[in-house]
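Shown next, in C-alpha cells, is the structure this report addresses.
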Amino acid sequence: MRLVRTGWAGVLAVLMLPFFGQGRISAAAQWAAPPSSANSIPSAALLQPVDLNRILHSASAEKPLMFQVGSRVLFDESHIPRSEYIGPGSMDSGVQALRNRAGKLSRKTFIVLYCGCCPWSHCPNVGPAYQALTGMGFTRVKVLYLANNFGSDWAGKGYPVESTRE
C-alpha cells in the first residue's frame, strides 16, 4: 500500500484503516464504545450524584449496596459512607472480588457502583464491573455518574464522605 497523503488527513486515514469495510466506515465501528468502557454503560443505568444523595438521606427509600470499584488509595482517602471497597474493576482480581461478593446475593439487589478516579470518559473501572454484574443476571445495577472525579462531583458538592485513613 502506498500512502501519498500527508498532514492530518493522511494520519487520520491511516488511523481509520481498521474500521474500513469495502471502502466505508460502518456506523457501529464509528460510534460504538469499547465493551469495557464507562461510555458503554446504558444511560438508563446511570445515577446522578444528586439522586444518590437524595436516596441516602430519604427515610423511606431503599438503600443500595454500594461498591467502590477503583483505587484502594482513593477509597481510604474518601468514600461514600456504608460503601464497600471491592478492587479496581479494570483488573481481573477486582472483577473476581466483585463476583465473589455478589455471588450469593439476590439478583434483584439494588447495587450502586462507583469509582471517580478520573473523568468519566477515561474511567477504566466502572465498565468492567457493570458488565460483570449484569452478566451475572443482576437487574438493578446503577453506576454513579461522576463526570470529572469523586472529589469534585461528590465530596466537593458537600455530599457525605468518610475516610479510613490512619
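Tabulated data
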{"item": "Any chance residue 121 is exposed (fewer than 15 other Cβ atoms within 10 Å of the Cβ), under 16 Å from the mean Cα position of the chain (by Cα) and either among the basic types (Lys, Arg) or within 20 Å of residue 46 (Cβ to Cβ) (or both)", "result": "yes"}
{"item": "Unmet criterion (only one of (1) loosely packed, with under 15 Cβ neighbours inside 10 Å; (2) over 15 Å from the mean Cα position of the chain (by Cα); (3) among the hydroxyl-bearing types (Ser, Thr, Tyr)) for residue 83", "result": "(1)"}
{"item": "Number of the condition not met by residue 50 [criteria: (1) surrounded by fewer than 16 Cβ atoms within 10 Å (Cβ to Cβ); (2) in contact with a helix residue (DSSP H, G or I) (Cβ under 6 Å, 6 or more places away or on another chain)]", "result": "(2)"}
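Readers should treat all values here as calculations from the given coordinates under stated rules, not as data from a laboratory. Please read all numbers here as calculations on a predicted model, not as lab measurements. We place every Cβ from the backbone using ideal geometry, glycine too, and count neighbours over all the protein chains shown.
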